[in-house]
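S.K.: Sharing a structure here in structure tokens format.
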Amino acid sequence: MFRGELRDVPDDVRPSEIVRIEDSRGRVVGAGYANPASNILVRILTRGEEVPTQDWAREMFRNALTRRLERMGDVPDLRLVHAEADRLPGLVVERIGGYAVVSPDTLGAEEVLMPWLLGEIEAIAPRGVVLRAIAPVRSREGLTSRLEMLRGAPPDGPVIAQEGDIRYEVDLFGGQKTGHYFDQRENRQLCGSLSEGRRVLDVFSYTGGFAIAAALGGARETTAVDSSAEALAALARNAERNGVSVGVREENAFDLLRQMVRDRERFDLVVLDPPPFARGKDHLDAALRAYKEINLRAMRLLSPGGWLLTASCSHAVSLGDFVAVVGAAAADAGVGLTRTAVRGPSPDHPVRVEVPETDYLHLLALQRD
Ligand code: SAH
């Protein structure tokens, strides 16, 4: 809860203290951990009279594991805890190549939830526990970056994550935000299932999630585009590891798409999975213009009957906004497209209807006339 939403805040609230919130009539609304240094003074953990304890946190953790098992089966590499979506605000836990990777974004996640859950986390991570606390949002909580082993020895190089039939390397001590974007798992499978015999372009490829799924799905030719040389080097190793060939282009996607339209290139399947263009509501208009631009260009590259898989992972861009902007791009491009699917993140990133921020990833599958 934001400081401004609370009245009668005692002066002596301590960092990471578990506090109770009462309404104006003195009824207990819930309890959470506090951080006097943050705008978000209290993050609610429990509602009503229930008191958050280590046993409570363990129950939340076990629930998170059980739900994933029910929804996804026994998957080796995945996100096991997705913060608010699993009622553990600020805390992300992933399992990658036998390691647990713990990423607390808030003071309470680091000082309360993580110690409470370390035993449970260790139990699901035979090779060790990595603390990967490098998200820029930590500074709003007065926290600095930490990247260290909490248990076990560090890996001597990248570790290998398995996603269906695909094996990827993940650099736990480098790489981008999370090392691997597990949230597109099912959408990559969709990409693979549409790729047989097709000429595929994977734009914003990172280490090749979609491109390798396409190549393994029987694509005639696959090209991956990213501005990061490091990501493309990992992609090339991943392609080899999976026995497929993927062409890579280290380019600014906006420029390259423009050039490809000019050159009258044609693809039968284009994937657009850009980074979040809108970090907050302030950037919404600029983000929508950027989405429109890349979608319009990608549509112009589609061969008749070709597919566009287009995603947005901007929290500030709702599904309605995204559908509208893609529709406007199609109108401007003069291209007829049928929307065959609207998809969200993989089940290890649960979307909770009462927590709108968890509904951040949208992917549309579109087929050209
Ligand atoms: N599709 C990927 C995840 C993409 S993350 C997967 O399935 O794993 C977004 C990627 O966009 C990052 O790798 C980043 O390097 C790249 N990127 C950001 N801005 C870019 C730009 N202007 N041109 C090309 N790539 C860009």
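The values are calculated or read from the model by the stated rules, or taken from the named source; none is laboratory data. Just so it is clear, the model here is predicted, and its values are computed rather than measured. Glycine gets a Cβ as well: all are built from the backbone with ideal geometry, and neighbour counts include every protein chain shown. In case anyone asks, the SASA skips ligands and DNA or RNA and just uses the protein heavy atoms, side chains included. Shrake-Rupley method; radii C 1.70, N 1.55, O 1.52, S 1.80 Å.
S.K.: Given H placed 1.01 Å from N in the peptide plane, which residues other than close sequence neighbours of residue 77 have an amide H under 5 Å from its amide H?
M.R.: Sorted by chain and number, the residues that satisfy this are 162.
S.K.: Return the carbon/sulfur percentage of the accessible area of the stretch 80-156, one whole number, probe 1.4 Å, all protein chains in place.
M.R.: 50
S.K.: Determine the calculated [θ] at 222 nm for the chain from helices alone, applying -39500 (n - 2.57) to every DSSP H run no shorter than 4 residues and normalising by the residue count; nearest 500 deg cm²/dmol.
M.R.: -8500 deg cm²/dmol
S.K.: Right, next: Looking at the stretch 326-369, which trypsin sites (Lys or Arg not before Pro) are in a loop (DSSP not H, G, I, E or B) and have at most 15 other Cβ atoms within 10 Å?
M.R.: 352
S.K.: Could I ask something else about it? Which value, in Å², gives the accessible area per residue of the stretch 3-47 when a 1.4 Å probe is used on the protein heavy atoms?
M.R.: Averaged over the residues of the stretch 3-47, the accessible area is 64 Å².
S.K.: Which value, in Å², gives the accessible area per residue of the stretch 100-148 when a 1.4 Å probe is used on the protein heavy atoms?
M.R.: Solvent-accessible surface per residue comes out at 40 Å².
S.K.: Right, here's the next one. Please go through the stretch 231-322 and write out the trypsin sites (Lys or Arg not before Pro) that DSSP classes as loop and that have at most 15 other C-beta atoms within 10 Å.
M.R.: Those that pass, being in a loop and sparsely packed, are 264, 266, 279.
S.K.: Sticking with this one: Taking +1 at the Cβ of each Lys and Arg and -1 at the Cβ of each Asp and Glu, which of 305, 63, 51 sits farthest along the dipole of the chain towards its positive end, judged by Cα position relative to the Cα centre?
M.R.: Comparing the listed Cα positions along the dipole, 305 ranks first.
S.K.: Quick one: putting +1 on the C-beta of Lys and Arg, -1 on the C-beta of Asp and Glu, what dipole do you get for the chain around its Cα centre, in Debye to the nearest 20?
M.R.: Charge dipole of the chain: 720 debye, to the nearest 20.
S.K.: Between residue 19 and residue 3, with labels modelled 7 Å along Cα→Cβ, what's the label distance in nm to one decimal, could you check?
M.R.: 1.1
S.K.: Per residue, how much accessible area does the stretch 191-270 have with a 1.4 Å probe, in Å²?
M.R.: Heavy-atom accessible area per residue stands at 43 Å².
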